[in-house]
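Notes follow the structure.
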Amino acid sequence: MSFEGKAALVAGAGGGMGLAIANDLITAGANVCLADIKPRPEEIREGPGTSFYRQGDLTDEAVVAETLAETVAAFGRLDYLVNTVGVLWFERDSSLLEIDLETWDQVLDINLRSHMLTARHAVPHLREAGGGAIVLFSSIQALRGDRLAQDAYGASKGALRSLSKSIAIQFAADNIRCNVILPGATLSPMQARWQGKEDEVARHIPLGRVGTPQDQANACLFLLSDKASFITGAELIVDGGITAEA
Ligand SMILES: NC(=O)c1ccc[n+]([C@@H]2O[C@H](COP(=O)([O-])OP(=O)(O)OC[C@H]3O[C@@H](n4cnc5c(N)ncnc54)[C@H](O)[C@@H]3O)[C@@H](O)[C@H]2O)c1
């Protein structure tokens, strides 16, 4: 899969899956803007592609517009948008019966609005480049309910499935593809609570291990690449078989 000379924005690249994706793109020769609300992580790879880090709140439309403008100014084009931005607030996100509305709004802003905004500001640049690819990150929680409800998270992830299909259809004629990944249990900063308990979590996963950010990056780079040139509006479940089991 060649990404030589291509340019990407990876939103949510301050850690976890986003950082793994950005690093793989850099290694494959792409020029990458890594954007996140967190400070710059140390583990950003050096070349062969170039990169820069942009710290900011991607629920803010002005920040998103500036980030995309800086990316295109730095690299001269935009070919790919990946958005892994998301929060899972165990202690605050709960059932619709008790969740406070401020939490509901914040989770929807971060998990959904940021994806809409980055796509809104990326599409004109992707069009200018003659096409490109977008990958959004939902969750297997978009496929099911949960007795231990996290309703804001689940609703935001469900909405990303339809947003991805809508982007795919609206911009197919511009040669812009859009797909969504539904990760299952993946050891990342979001799931730091599983550190040291991997075996316990792995018992619920048919393939017998917890996922890694690299597993998600592998799927993402495939969907971005020309190997996936006939795939758009699709959902790729990357969960070690959890959702396949009745
Ligand atoms: N880890 C899992 O088990 C799992 C499972 C299913 C889905 N997911 C989803 O995959 C995606 C990536 O998750 P991860 O595991 O890499 O978690 P992560 O916490 O490492 O990554 C999410 C990133 O989003 C960033 N972010 C949060 N709010 C932001 C904002 N307002 N502006 C800019 N950046 C912001 C965070 O700083 C963080 O770096 C998320 O959308 C998550 O919901 C994760």
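Does Ala8 count as buried (at least 24 other Cβ atoms within 10 Å of the Cβ) and part of a loop (DSSP other than H, G, I, E, B)? No.
Mind checking whether some residue in the range 27-36 is surrounded by fewer than 22 Cβ atoms within 10 Å (Cβ to Cβ) and part of a loop (DSSP other than H, G, I, E, B)? Yes, the range 27-36 has at least one match.
Selection of first residues in the range 197-220 that are farther than 11 Å from Pro183 by Cβ and of second residues that are in a loop (DSSP other than H, G, I, E, B) and among the charged types (D, E, K, R), restricted to Cβ pairs under 6 Å at least 6 apart or on distinct chains, gives the following pairs, ordered by first then second residue: Ala202/Arg209; Pro206/Glu245. Residue selection: Ala11 fails the criterion of being closer than 17 Å to Ala133 by Cβ, more than 9 Å from the ligand (Cβ to nearest atom) and at pLDDT 95 or above.
Of all residues in the range 58-76, those that are on the phi > 0 side of the Ramachandran plot have Cβ atoms under 8 Å from Cβ atoms of residues that are more than 13 Å from the ligand (Cβ to nearest atom) and at pLDDT 95 or above, 6 or more apart or on another chain, in Gly76/Ala7. The residue that is surrounded by the most Cβ atoms within 10 Å (Cβ to Cβ), counting only those in the range 127-153 that are at pLDDT 95 or above and more than 22 Å from Glu235 (Cα to Cα), is Ala129. Taking helices (runs of 4 or more DSSP H) as the structural unit, those lying wholly within the range 90-209 and holding at least 3 residues that are within 15 Å of the ligand (Cβ to nearest atom) and closer than 20 Å to Met17 by Cβ correspond to 114-128, 151-170, 198-202.
The values are calculated or read from the model by the stated rules, or taken from the named source; none is laboratory data. The model shown is predicted, which means the values in this text are computed figures rather than measured ones. Using ideal geometry, Cβ is built from the backbone for each residue, glycine included, and neighbour counts are taken over all protein chains shown.
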